[in-house]
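Encoded as structure tokens, the structure appears first; notes follow it.
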Amino acid sequence: MSLRFEYPQVLWGLLAVAALLFLMGWRGVRKGGFSPRRAILALIGFSACIIGLSRPQGGHYSTSQRGLRGDIYFAIDISNSMRAEDLSPSRLEFSTAFLRNLLRGLPGLRVGLFPFAADGYLLMPLSADQDAAADLLSSLTPSLTTNQGTDFDASLTSLLTAILKTKQERGYDSAPTRVLLLSDGETHASVPRALLEKFRSRAIPIDTVGVGTLEGSQVPVEGRGGFGRETLRDADGKPVLSRLDPKPLRAIAEGTGGNYYLARFDETPKISARILQGMQLGKLNTRFQMEHEYYPLLFLIALIAFTIEFAFGRWEYFIRGGATTAICLFGFSAFGWDEKTEARLDVAPEKRPYVAYNEGLRLAKEKNDADASELFQESAATAKDPDLRKQALFNLGNALLRMKDPTQALSAYQRSYDTKANSSNTQDRINRSISENMLLAKKIEQQQQEQRKQQGEGEGDSEQPPPDPGKPQQFKSQSFDEAQKKKMFDLVASEEQQVLQRLQQGKQNKKASQAKGKPW
């Protein structure tokens, strides 16, 4: 059983009670006739009113999954450079096979497909039908886009617009969302930092996968008239040599809070596990489940104290005390306190991660782990400093562990362990603590699993074990009839037409930029 005050700021009123007692004592010394009974009853009556107005509650904290819906967007580079064959059979075909293999480790997530080159469009809206996503991946070719040459700036801007539009239309803005971007990294222009900050501020990390080799390869294209194959050549007639450029991909991942990976099939279990951990942390929701309200009892105590004083003939104190009780009751019913105002931290965006972290430490010292965990999570999601991010995730794990949620705590510890701090002292100190705390978390998790297992065996009539609240819900595969398929493809065609119109309007600018860049 935990005790909390819903409006703890009201407790400052106890200072007024202390001042009243001091005044009564001072007047009693000066004029004589100090009454201990009167002082004790005044202390009890006024203190009970103030404590009751702060609304003490009894209950316990619980952690649950918020949203229980994870969305992932696959952004696939389909520019001509993805035809290069330094990865067999080609970079693009390797990427589609890589994603199909990755999908097997992401059960229950909704998937959206976003092919891009000079710009991109949402080929497949979010759907739980992962089989349909796998089929569409096989159909990706560079011919799906009219303008060649990779432009991360324009493509990511279109992707962010599509994500925000989908969230607004479907009405689940709290659903955790990630982006997995596959590309060889060749781009005409660097991605603006302001654009990456938009993804980070909305908690939409972008994980990037570098496709290709540093040695590179020539780019084969269809021959004239569609017969045979030729080698793609630049404006001077020289064969194009396309190489993997990890620098912009790393910048995108670091700027949005994601991770950078190399395109290797043995990496898919690691990538899928990291994605699921990120989705799980994004759905954290802790709340206080109230079981008892104590303010009526406190107001009753105050009324009894003032009644006793009235019984001894102190009319003036009875009137004052009764008026105070009435004012407290009226104020309690007429005026509300917004407990969310305590967490308002109106500061500059670059200072927000530090302020949120410090506020989380303060709440953790006050044993308010529920609110502290939310602030630690916010600090970790928005912090650019790896030292701060590592410490925020570590403290998030500690708060979750104190709330008896070892599954979420292990996820936070793992992310903290994987974050490399700039300071070697911070790195070593926190990693040692993480190792010790993870052992404790695993032990608590095993005990909870054994308890759930014993409870399940005791019921006897349950054929299946209850779902584990620490795991994401599984979505059932959807099947579409012909009308739904036609509607979906009409929607895709409409969105593609809008993209084409936008590209046509900026055609002159595109030509000017491509004259300086590379059309592949």
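Things worth noting here:
- Taking label positions 7 Å along the Cα-Cβ direction at both Leu195 and Lys165, the computed distance is 1.7 nm, reported to one decimal.
- Spacing of the two label points (7 Å from each Cα toward its C-beta) at Thr307 and Ser435, in nm: 6.5
- Relative contact order for the range 1-153, counting Cα pairs under 8 Å that sit 6 or more residues apart, in percent: 22
- Cβ crowding within 10 Å averaged over residues, with 40-47, 149-156 ranked highest first: 149-156, 40-47
- Simple spin-label estimate for Gln449 and Ser35 in nanometres, 7 Å along Cα-Cβ: 6.7
- Computed with every protein chain present, the accessible area of Trp26 is close to 120 Å² [probe 1.4 Å].
- Sorted largest first by accessible area at a 1.4 angstrom probe radius, with every protein chain in place, the residues Glu450, Glu85 fall in the order Glu450, Glu85.
- About its Cα centre, the range 363-407 has a charge dipole of approximately 160 debye under the convention of +1 per Lys or Arg Cβ and -1 per Asp or Glu Cβ, with nothing else charged.
- Sequence-separation-based contact order of the range 353-401, relative, with Cα cut under 8 Å and 6+ spacing, percent: 38
- Nearest-10 value in Å² for the accessible area of Glu445, using the 1.4 Å probe: 40
- Among 256-266, 209-219, 405-415, the peptide with the highest mean count of other Cβ atoms within 10 Å heads the list, and the full ranking is 405-415, 209-219, 256-266.
- Cα-Cα over 20 Å, subset of Lys247/Lys351; Lys384/Lys420; Lys165/Lys351; Lys167/Lys270; Lys167/Lys198: Lys247/Lys351; Lys165/Lys351; Lys167/Lys270
- Eigenvalues of the alpha-carbon gyration tensor of the range 363-463, scaled by 5 and square-rooted, set the equivalent ellipsoid semi-axes at 31, 15, 11 angstrom, largest first.
- Between Glu291 and Glu267, residue separation times 0.36 nm minus the direct Cα-Cα distance comes to 3.9 nm.
- For the listed peptides 375-385, 235-245, a ranking on the average number of other beta carbons within 10 Å per residue, highest first, reads 375-385, 235-245.
- Solvent-accessible surface ranking, highest first, for Arg352, Arg229, Arg91 at 1.4 angstrom: Arg229, Arg352, Arg91
The values are calculated or read from the model by the stated rules, or taken from the named source; none is laboratory data. Fair warning: this is a prediction, and the values are worked out from it, not measured in the lab. In this analysis, Cβ positions are derived from the backbone assuming ideal geometry, glycine residues included, and neighbour counts consider all displayed protein chains. To get the accessible areas, we keep the full protein, side chains included, count just its heavy atoms, and leave off ligands, DNA and RNA. Shrake-Rupley method; radii C 1.70, N 1.55, O 1.52, S 1.80 Å.
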